[in-house]
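J.: A single structure is presented below for examination.
The values are calculated or read from the model by the stated rules, or taken from the named source; none is laboratory data. Note that the structure is a prediction, hence the values are computed from the model and not measured. Every residue, glycine as well, gets a Cβ built from its backbone with ideal geometry; the counts of neighbours run over all protein chains shown. With ligands, DNA and RNA removed, areas are computed over all heavy atoms of the protein, side chains included. Shrake-Rupley method; radii C 1.70, N 1.55, O 1.52, S 1.80 Å.
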Amino acid sequence: MMRIVTIKFRDAGRRYDFNAQDLELANGDQIVVETDRGRALGTVVSPPREVPDSEIGKEMKNVLRIALDEDREMADNNTARETAAFRFCMDRIHQRKMDMKLVRAEYLFDGSKIIFYFTADGRVDFRELVKDLAHHFHTRIEMRQIGVRDEAKLTGGIGICGRELCCCTFLTEFSPVSVKMAKEQGLALNPNKISGQCGRLLCCLGYEFETYCTMKKKLPKCGRRVEVEGREGEVINQKVLAQKVVVRFGDGHTEEAAADSLGEAKPKDSQRSGAQSRQGENKGETAQPRRRKSGGGQRPQQRKQQGESSSQKPQTKKESPARPEDRPQGDGTAGKDGRRRSRRRPRRN
């Protein structure tokens, strides 16, 4: 058994599992862990739990210690240095007139590397920029290109709902969002209303998509004939959350009705008789299959009788071709059977 603890390195960031060893940890504690990039300062999301060794797929990194005051002071210093690094990198980008947008600069916990996050439409040659940054900061430099959604996650902001963006508060991973989700919820397909700060579709469109699909199955579709209190009408609109539909009657009057109070419309007598007659005609047509004009459509018995009658006819014996020795010698203009023979000799196989 191994004690596993889940932590995160930034707000609304991804969560990672580490080996808690024998440390007693609680939610919200700041700890120092060992990562592939070096030491880092993280926050505990869930307390340690025991997991069998068979369920652990890969090698687990260890938690070094609970963060001390010195560790927190070092993290604050790195945050202050990130602002200066960001400004210096922006100046170099403007001087070199590079087609890229700098988003954020991040120092590692031990200060051994600086990571610059940027966005760009295509590939950017930043080799000369890295040389300038390494010469100024005297440390390792990493340039990392990210997407527009990751940019909004790092930058933050206020959405059209008036609250802070979901991606920088609690949303740890991005899920695919499509226009179909907006259609199912009856939203206006206006890009300005269904797009977020990143320019992509709102992540919140997927929160209630499954609920709308489940509730919509309980309502009759638009165009279906229903009966409301003995009156027959046609469904022209659905109100999913209220579980109601708008029905239009024959006189043009519309009325809202709950899904539980709807009944199936009975077909009229004329329609019923017409449907039965059409079904009878279809049955009659299927009972008498069409016959083909060619002999391929005949029945097996007829084909068998034709074969027997053809076999009873006298067969004329075909005359075998004359052999070479039976042919006359010389010019041989006529043979025994009176036919003219050619002077050429037959070819031998």
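J.: Rolling a 1.4 Å sphere over the protein heavy atoms, what is the accessible area per residue of segment 20-119, to the nearest Å²?
T.: On the way: 5980 Å² over 100 residues.
In whole numbers, segment 20-119 has 60 Å² accessible per residue.
J.: Also, quick follow-up: Eight or more residues apart or on different chains, and alpha-carbon atoms under 26 Å: count the Lys pairs in segment 112-207 matching that. Walk me through the intermediate numbers first.
T.: Working: LYS113/LYS131; LYS113/LYS153; LYS153/LYS180; LYS153/LYS193; LYS180/LYS193; LYS183/LYS193.
Close lysine pairs under the 26 Å cut-off: 6.
J.: Towards the positive end of the charge dipole of segment 34-124, with charges on Cβ (+1 Lys, Arg; -1 Asp, Glu), say which of GLY57, LEU102, ASN77 has the farthest Cα.
T.: Of the options given, the answer is LEU102.
J.: Whenever you get a sec, line up HIS94, HIS136 from highest to lowest accessible area (probe 1.4 Å, protein heavy atoms). Don't jump to the answer; show the numbers that get you there.
T.: Details: HIS94 125, HIS136 95 Å².
If we order HIS94, HIS136 from most to least accessible, we get HIS94, HIS136.
J.: Quick one: accessible surface of HIS135, probe radius 1.4 Å, all protein chains present, in square angstrom to the nearest 10.
T.: HIS135 has an accessible surface of roughly 140 Å² with all protein chains in place.
J.: Can you list the aspartates and glutamates whose alpha carbon sits under 20 Å from that of LYS244, skipping same-chain ones fewer than 8 residues off?
T.: In chain and number order, the partners are GLU184, GLU208, GLU210, GLU227, GLU229, GLU232, GLU234, GLU255, GLU256, ASP260, GLU264.
J.: Taking the mean number of other Cβ atoms within 10 Å as a proxy for protection, how do you rank 25-35, 185-195 from highest to lowest?
T.: Output ranking for 25-35, 185-195: 25-35, 185-195.
J.: Using Cα-Cα distances under 8 Å and only pairs 6 or more residues apart, what relative contact order does segment 186-245 have, in percent? Intermediate results must be reported in sequence, preceding the final value.
T.: On the way: 47 pairs, mean separation 13.5, N = 60.
Answer for segment 186-245 is 23 percent.
J.: Counting other Cβ atoms within 10 Å, keep those with at most 12, restrict to DSSP loop, and tell me which trypsin sites (Lys or Arg not before Pro) in segment 88-138 are left.
T.: Numbers: sites: ARG92, ARG96, LYS97, LYS101, ARG104, LYS113, ARG123, ARG127, LYS131; in loops: LYS97, ARG123.
Listed in order of number, the matching sites are LYS97, ARG123.
J.: In percent, what relative contact order does segment 99-240 have, based on Cα pairs under 8 Å that are 6 or more apart in sequence?
T.: Values: 162 pairs, mean separation 20.1, N = 142.
Answer for segment 99-240 is 14 percent.
J.: Tell me the label-point distance for the pair SER54, ALA242, using the 7 Å Cα-to-Cβ offset, in nm and rounded to one decimal.
T.: About 5.6 nm separates the two model spin labels.
J.: At a probe radius of 1.4 Å, what is the per-residue accessible area of CYS161, in Å² to the nearest 10?
T.: Probe radius 1.4 Å; accessible area of CYS161 about 100 Å².
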